[in-house]
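Worksheet for the structure shown next.
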Amino acid sequence: MKIVVIGATGTIGSAVARSLRARHNVVPVSRSGAVRVDISDPASIDALFQEVGAVDAVVACAAHGGMAPLNTESDEQFWGGLDAKLIGQVNLARRAVRHVRDSGSITLTSGRFAEPVPGSSLGFLVNAGLEAFVRSAAVEMPRGLRLNVVSPGWVSESLAAMSLDPGGGTPAVQLADAYVDAVEGQSNGRTLTVDAG
């Protein structure tokens, strides 16, 4: 399969690209690579598909939304994750449908915390919104296309980079298995999670 992996230079994206590359033709995409996209910009998404042409799968690992305390004074700072993670991925899915071949797949990324922590309210809103979007939009997918979302928790490598115990997270290579399952399997409209350990 020809598979676009967006965020292919990131911690999760690079592990996903490596895992898929063993059996498929992977087109790595990032903000600064040879093939570029900014999923918060619909015109950039259109330009990406014009460049890469028809594909069998699209995997989005690039989306992120920072922590934002509820009392953040700036609306722009508080709502930043909405455009970058939620609306950007919805726009990506809507546009990818036109370029993914019959019976192909689109896989997005949400996220999760075991319990709410200060600053996580927007993250919960965005991730729950993405998961609800995937569940309901999956029934509208044409031509046998499938739409899923992977919901990783803490990533071991990210925790280590923050000088925290990596044992509380999941190694990126283990998270990559969920993305591979979404691409190669038959699931549709599902939120795929991976437990730490």
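Using R₀ = 25 Å, calculate the FRET efficiency as 1/(1 + (r/R₀)^6) where r is the Cβ-Cβ separation of Ala54 and Ala137; round to 0.05.
0.75
Pop out the carbon and sulfur fraction of the accessible area of the chain as a percent, whole number, probe 1.4 Å.
Here it works out to 53 percent.
Given labels modelled 7 Å from the Cα in the Cβ direction, how far is it in nm from Glu73 to Ala22?
In this crude spin-label approximation the distance works out to 5.2 nm.
Cα gyration tensor of region 1-72, axes a ≥ b ≥ c as square roots of the eigenvalues: rounded (a/c below 1.5), prolate (a/b > b/c) or oblate? Don't skip to the end; give the middle numbers.
Working: a/c = 2.64, a/b = 1.49, b/c = 1.77.
Here region 1-72 falls in the oblate category.
Around Ile87, what is the net charge, scoring Lys/Arg as +1 and Asp/Glu as -1 over all other residues with Cβ under 13 Å from its Cβ?
0
How far apart, in nm, are the 7 Å Cα→Cβ label points at Thr9 and Asp41?
1.5 nm
When only C-alpha pairs under 8 Å and at least 6 residues apart count, what is the relative contact order of region 1-71, in percent?
Averaging sequence separation for qualifying contacts and normalising by length gives 41 percent for region 1-71.
Going out from 0 in 5 Å bins, what whole percent of all Cα-Cα distances in the chain drops into each bin?
Here the calculated profile for the chain is 1, 8, 16, 21, 22, 16, 9, 4, 1, 0.
Going by a ≥ b ≥ c, the root eigenvalues of the Cα gyration tensor, does region 134-180 fall in the rounded group (a/c under 1.5), the prolate group (a/b larger than b/c) or the oblate group?
The shape class here is prolate.
Just want to confirm a number: the relative contact order over region 32-180, from Cα pairs under 8 angstrom separated by 6+ residues, in percent.
Reported as a whole number, the value is 23 percent.
Just the accessible area per residue of region 60-197, please: how many Å² with a 1.4 Å probe?
Dividing the accessible area of region 60-197 by its residue count gives 51 Å².
Give the accessible area for Leu164 in Å² (nearest 10); use a 1.4 Å probe, count only protein heavy atoms, and leave out ligands, DNA and RNA.
90 Å²
The values are calculated or read from the model by the stated rules, or taken from the named source; none is laboratory data. Being a predicted model, the structure only gives us computed values, none of them experimental. When we count neighbours, we look across all protein chains shown, and the Cβ atoms used for this are built from the backbone with ideal geometry, even at glycine. Remember, those area values only see protein heavy atoms, side chains included, never the ligands or the DNA or RNA. Shrake-Rupley method; radii C 1.70, N 1.55, O 1.52, S 1.80 Å.
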